[in-house]
Every structure is written in structure tokens, then in C-alpha cells.
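Only the coordinates and a few stated rules stand behind these numbers; no lab work does. Predicted model only: the values in this text are computed from it and were never measured. Positions of Cβ are backbone-derived with ideal geometry, glycine not excepted, and every protein chain shown enters the neighbour counts.
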There are 2 protein chains.
Amino acid sequence: MGTVKNKGNVREASCQEELTAMRDSIEILGGKWKLLIMRYLTNRTAEHNHFKKIQRGINGISAKMLAKELKDLEVNLLVTRTIQDTRPVTVDYAITAYGKSIIPVTDMLVQWGLNHREKIKEEVLV
Amino acid sequence: MGTVKNKGNVREASCQEELTAMRDSIEILGGKWKLLIMRYLTNRTAEHNHFKKIQRGINGISAKMLAKELKDLEVNLLVTRTIQDTRPVTVDYAITAYGKSIIPVTDMLVQWGLNHREKIKEEVLV
DNA sequence: CTGGATCCCTTGTGATACTG
DNA sequence: CAGTATCACAAGGGATCCAG
């Protein structure tokens, strides 16, 4: 992609583009919680996920953090926020169609994490 | 995977395992730089990559950060560190066979980042 | 060139208390 | 229940100087 000058430069250019793209991804999805939240929501698209439920589902996250992270995700069109007309009030969060585009990312991270745990075991034995 | 008690619990258990696995991944690969470094190195397995060269390749990273991140990656067996017998001394870094296991992860992030940029364009037009 | 040491500012994150 | 406000601290990260 992009302007192709010659064999030597093509690769250079695309590598830099790759790094830039990764920077974007990391900026939006980075940090300790966002991908966990996204994964949690993708695993429960069938249910209503209100604030407290999500907080209980993601071990260790504080209300403050969860609120902030959800807001960020909403701004980036990855989740929706819906105020339910209940008493007391609840707010449901759901992953958007676009938000589902990050499933491959979390899939890879889940796999890698599981694999890494195996790797560590091996290393200890060796 | 894991112990299967009944239909209802299976999904619960595996979901928590997924989140735990992701936490591991995020802990090891998280932050602003590590995945960029890994990507940089995977794109240049054929070459010798010494410290300064990497720093130049990854826009904006300071020597302090690069040194720290490379050390972390080395501890986790993702990169190797080789002191070259040159004058003045240079040190080469290379991705390990195991380190290549994160290529799928960075691939997904690159793709997502590129895709996201398109998405943003669309949104602006709408 | 590599990269440790130091200083310092910014940001992330947690704890707690509080409001609608 | 949802979410904000506040305080407080740890971690992230930049700049600079310096030594092997």
C-alpha cells in the first residue's frame, strides 16, 4: 500500500506504517482494563450487562476505573451505553458491531496467555 | 477445556480463564513500547539490530525506556541479547523462536489499527 | 556505542466517601 | 445502583549526565 518507489523503500515504508497502526491500537486499547472489559462484553452479548455486574465480573477493577474505561470505549464507538428505566436506575453496556472487530485481537491475547503459561511450566522443569 | 460440571458452569469457568490469560498477556506485553519493539524485530530478523538502530527505528523511545523494555523482554525469553566484539561495543537484539509466537498478536493489532483509521474517516464523513 | 544513575514531572490506579 | 470527588501514591516516561 502507499506510494511504491522501489524495492528497497517499499518494505521500509510499510514497516513504519505497521508501527504507526500499532501505536493507534495501543493508544485506544492499551492499559490494564479495556481489553478485559471488551472480552467480558463479547462473552455476554446475549445478556444485559449493567455497571455493577461488569465490575463484579472483572476482578479487581474499581468503580472509578470502570466508569472511565467505559467512557473511553464509548467515545471510540466500541460500546454502547443505555440507561434502563428501572428503579433504582441501571445502565446497560453492550459491545457495538464495530466493537466486535477487536475479537480477533482478544482471541490472540487469550491464546498467547494460555500458551505462555504452558511455556513457563516447561521452563521450570528444564 | 478444564473440568466440565454442567452446561451452565462450563461457560462461566472458561470465561474467567480467558480473562486470566488476557491479564497475563497484558502484563507481559502491555505498555507503550514492548509490542512495537517486538514488531520491529520481527520485521528485521535478517539483520543485526543493535541498540541505537532500534532506538532510531522506533520513533520517540528514549534510551532509558528501550533498555528497560528490552530487559523485560529478555527475561521473558522473547528476545536475545548478544554483545558484539566490536569497537566500540555494540549489542545486538533478536527475537527468539518463542518470541515469534507473538506475531499473530501484533498482526491483529496492525490490522485493527489500519482498519480503525478507515473507520474514523467514515465517521467524519457521516 | 551501550546503558546505568539521577532528577522530576505526568499519568494511572486504588481507597474512600459521597450524591442523584 | 451508577457514578463523581478527593486524596494519595505508584508507575510511566523524559532529560541529562556519566562511565565502561
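For A:THR90, nonlocal amide neighbours, meaning residues 5 or more places apart or on other chains whose placed amide H falls under 5 Å from its own, are A:GLN84. Across the copies of the chain, A:GLU27 has label points (7 Å from Cα along Cα→Cβ) spaced 2.9 nm apart, shortest distance listed first. Across the stretch B:22-97, C-alpha contacts under 8 Å between residues 6 or more apart give a mean separation that, scaled by the residue count, equals a relative contact order of 33 percent.
For chain B, the square roots a ≥ b ≥ c of the C-alpha gyration tensor eigenvalues yield an a/c of 1.5 or more together with a/b not exceeding b/c, which makes the shape oblate.
Under the simplified labelling scheme, the A:GLU118-A:LYS68 pair shows an inter-label distance of 3.7 nm, with each label point 7 Å from Cα along Cα→Cβ. Between the helical axis of B:63-75 and the longest alpha-carbon principal axis of chain B there is an angle of about 60 degrees. Residue order for A:GLU69, A:GLU17, A:GLU122, fewest other beta carbons within 10 angstrom first, comes to A:GLU122, A:GLU17, A:GLU69.
Compared with the dominant Cα axis of chain B, that is its longest principal axis, helix B:7-29 is turned about 10°.
Exposure proxy shown here: for A:HIS48, B:HIS116, the number of other Cβ atoms within 10 Å sets the order, fewest to most, as A:HIS48, B:HIS116. Distance between the modelled labels on A:SER101 and A:THR45, one decimal in nanometres: 1.5 nm (7 Å Cα→Cβ projection).
Residues in the stretch A:77-91 carry Karplus couplings, in order, of 6, 9, 9, 10, 10, 10, 7, 8, 8, 10, 9, x, 4, 10, 10 Hz; the curve used is 6.51 cos²θ - 1.76 cosθ + 1.60 with θ = phi - 60°, and Gly or Pro positions show x. Legend: mean number of C-beta atoms from other chains within 10 angstrom of residue C-beta atoms, peptide A:51-58, equals 1.
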